[in-house]
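Undergrad: I have a structure I would like to understand better, so I am pasting it below and will then ask my questions one at a time.
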Amino acid sequence: MHQAHFVVRTLLALGIATALSACSGSSGSQRLTPAGASLDTAARSAGAARIQFAYVANFGSSSVSAYGIDAKSGALTQVAGSPFAAGSGPVGLAIDPKGKYAYVGNFFDDTVSGYTLNATTGALTSIAGSPFGAGTNPYSATIAPTGKFAYVPNRGSGSVSAYAIDASTGALTQLAGSPVLVGINPVGVAIVPSGKFAYVINRGSNNVTAFSVNVKTGALKKVTGSPFAAGTGPDGIAITPSGKFVLVANLSSNNVSAYSIQSSGALKAVAGSPFGAGTQPYAVTVDPSGAFAYVPNNGTNNVSAYTIDGTSGVLTQVAGSPFGAGTNTDGIAVDPSGAFVYAANDGSNNVSAYSIDASSGALTQLAGSPFGSGSGPFQISTCLRSGHTCVPAP
């Protein structure tokens, strides 16, 4: 199975769209006890005030696994009906800021799957009209802070597809002028909290394309000076909750680039950038407070942890970092409460779970970790129930 996942990663690195029969079979990991509607009752009986869920795109098994997050322990329990069917080769997954819908880019189908999210059970239901057409090899999905627009980088066609989201149904409609050309092999999009600027990482051209965003129409316009240089093979991107800094994980140069965002949307390298990481850092995420950043290192099977200087944007590795994970760690997410970190291990077909030391940012593996997933878990997203919706972390 490890050899099969090596093939998955190799194909993604080359951008080759072929059948993945070697990874489309059984997951090779244990199934978790279904939860579903009983999850809310169980959590409340334990004295928990928060109901949270985590969603994992399983590249090898063309599905999305859904988990309830225990508010006290952080443990994961699969929800009833999980995993949910996706297209072929789902890579990136995003939950809309209003907490009603989720979207997954399907690498081999050239489509985006859309789901409604049940905030009580955590179940996903396919949106009418889903999947929706995209460019070649859509790699992830990002939703504007308003929840009105979605952006999908198409790795194979060097473009970003932009969509309007129907507020009532969640259906996607491509915007006029979409797709928009960017660099070579775009793999990720991040949008500042104000919604005014968007940034696209281009793995093949080693840079970041910056756009101003029309918050009313969703249209993208390149920022003067764009693109901005990154490390080699940028593969993950995150923006701090303050909207001041952009972090980019560089897969091939084994480091993290940090930038300050200028008033024009242009990027300026932070002093000391890039900052060292493990081998093949695949992604980056920031906790809701903006104090800590976490980077999964695919080649060294661990997670690097950093403190973020809120004034300068400088990254400093946390004592004890990196922290051990499963095999070939790709995806990373912090839960909305800021208490737990989850890392998707596509080589060992599971999810490592950690508690965060609120003072230092250090990670401690949770009891029961890692938790089983589908085949080739790649990216992960979390949300917190708010009324009838499940809202992701900022």
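Undergrad: Using the 10 angstrom Cβ neighbour count as an exposure proxy, how do 203, 385 rank, fewest first? Don't skip to the answer; put the middle values down first.
TA: Working: 203 26, 385 21.
Placing the least packed residue first, the sequence is 385, 203.
Undergrad: Rounded to the nearest 20 Debye, what is the dipole magnitude of the chain about its Cα centre when Lys and Arg each give +1 and Asp and Glu each give -1 at the C-beta?
TA: Details: 17 positive and 13 negative charges, 129 e Å.
Charge dipole, the chain, about its Cα centre: 620 debye, nearest 20.
Undergrad: Is the shape of region 321-394 rounded, prolate or oblate, going by the alpha carbon gyration tensor and its root eigenvalues a ≥ b ≥ c, with a/c under 1.5 for rounded and a/b larger than b/c for prolate? Let's see the in-between values first.
TA: Values: a/c = 2.15, a/b = 1.21, b/c = 1.78.
Oblate, because a/c is 1.5 or more while a/b does not exceed b/c.
Undergrad: Using the scaling law 2.2 N^0.38 Å as the reference, what is the normalised Cα Rg of the chain?
TA: Working: Rg = 18.7 Å, N = 394, 2.2 N^0.38 = 21.3 Å.
That works out to 0.88 for the chain.
Undergrad: Let me ask you something else. In whole angstrom, and with the biggest value first, how far do the Cα coordinates of region 43-125 range along each principal axis?
TA: Taking the Cα atoms of region 43-125, the three principal extents are 44, 25, 17 Å.
Undergrad: Work out the charge dipole of region 2-392 with +1 on the Cβ of Lys and Arg and -1 on the Cβ of Asp and Glu about the Cα centre, then indicate which of 57, 299, 93 is farthest towards its positive end.
TA: The listed residue farthest towards the positive side: 93.
Undergrad: Sticking with this structure for a sec: Pick out which of 249, 128, 141 has the largest mean-square fluctuation in a Gaussian network model of the chain, springs linking Cα atoms closer than 10 Å.
TA: Per the Cα network of the chain with a 10 Å cutoff, 128 tops the list.
Undergrad: Sort 127, 184 by Cβ crowding within 10 Å, fewest neighbours at the top. Please list the in-between numbers first.
TA: Values: 127 21, 184 13.
The order, fewest Cβ neighbours first, is 184, 127.
Undergrad: Could you check the spin-label model distance between residue 317 and residue 264? Points 7 Å from the Cα along Cα→Cβ, value in nm.
TA: Going by the 7 Å Cα→Cβ label model, 3.6 nm.
Undergrad: Which one, 313, 197, 118, projects farthest toward the positive side of the charge dipole computed for the chain from Cβ point charges (K/R +1, D/E -1)?
TA: Of the listed residues, the answer is 197.
Here, each number is a calculation from the coordinates, and none is a lab measurement. The structure presented is a predicted model; accordingly, all values stated were derived computationally and were not measured. All Cβ positions, even for glycine, are placed from backbone atoms using ideal geometry, and neighbour counts span all protein chains on display.
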